[in-house]
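**Student:** Once you've had a glance at the structure underneath, I'll fire off some questions.
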Amino acid sequence: MRLSQKWVDKLVNLPESGMGYQTVDVILKNGSTVRGLIVINCQDILGKVYFSEDDIVDIVASDI
């Protein structure tokens, strides 16, 4: 999933987990958290995601 500029701007300020990627937790409107997602270059969530960008409330650095 490609993220909009709103989330790219936030992710730029979060620490990298490795060269060019971040491990993040995505907090959704329904109150659930999807943990340990990989984001490449602050803009692309890897793998299949079962939510839309409209469902996202926040994205935070993961402690995984």
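**Student:** Of everything in the stretch 3-19, what is closer than 14 Å to Asp44 by Cα, in contact (Cβ under 8 Å) with a residue 12 or more places away in the chain and not β-branched (Val, Ile, Thr)? Give them in sequence order.
**Tutor:** Selection gives Leu3, Ser4, Trp7, Lys10, Leu11.
**Student:** Return the total of residues in the stretch 29-56 being within 9 Å of the chain's Cα centre (by Cα) and outside any strand (DSSP E or B).
**Tutor:** Matching residues across the stretch 29-56 total 2.
**Student:** Using beta carbons and a limit of 6 Å, which pairs, at least six apart or on different chains, have the first residue in the stretch 25-53 and more than 13 Å from Trp7 (Cβ to Cβ) and the second one exposed (fewer than 13 other Cβ atoms within 10 Å of the Cβ) and at pLDDT below 95?
**Tutor:** Listed pairs, sorted by first residue: Gly36/Ile64.
A quick yes/no check of all residues on (1) touching a helix residue (DSSP H, G or I) at 6+ places or on another chain (Cβ under 8 Å); (2) not charged (D, E, K, R):
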| position | (1), (2) |
| --- | --- |
| Lys10 | no, no |
| Met19 | no, yes |
| Val39 | yes, yes |
| Ile56 | yes, yes |
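**Student:** Hey, any hits in the stretch 12-28 for a residue that's of a type in the set (Asp, Glu), outside any strand (DSSP E or B) and surrounded by 14 or more Cβ atoms within 10 Å (Cβ to Cβ)? Quick ask: steps written out before the conclusion?
**Tutor:** First, pick out the residues of the stretch 12-28 that are of a type in the set (Asp, Glu): 16, 25.
This time we only want the ones that are outside any strand (DSSP E or B), so: 16.
Applying the additional criterion that residues be surrounded by 14 or more Cβ atoms within 10 Å (Cβ to Cβ) yields none.
Looking through the stretch 12-28, none of the residues is of a type in the set (Asp, Glu), outside any strand (DSSP E or B) and surrounded by 14 or more Cβ atoms within 10 Å (Cβ to Cβ).
The values are calculated or read from the model by the stated rules, or taken from the named source; none is laboratory data. This is a predicted model, so every value here is computed, not measured. Cβ coordinates were reconstructed from backbone atoms using ideal geometry, including for glycine residues, and neighbour counts include every protein chain displayed.
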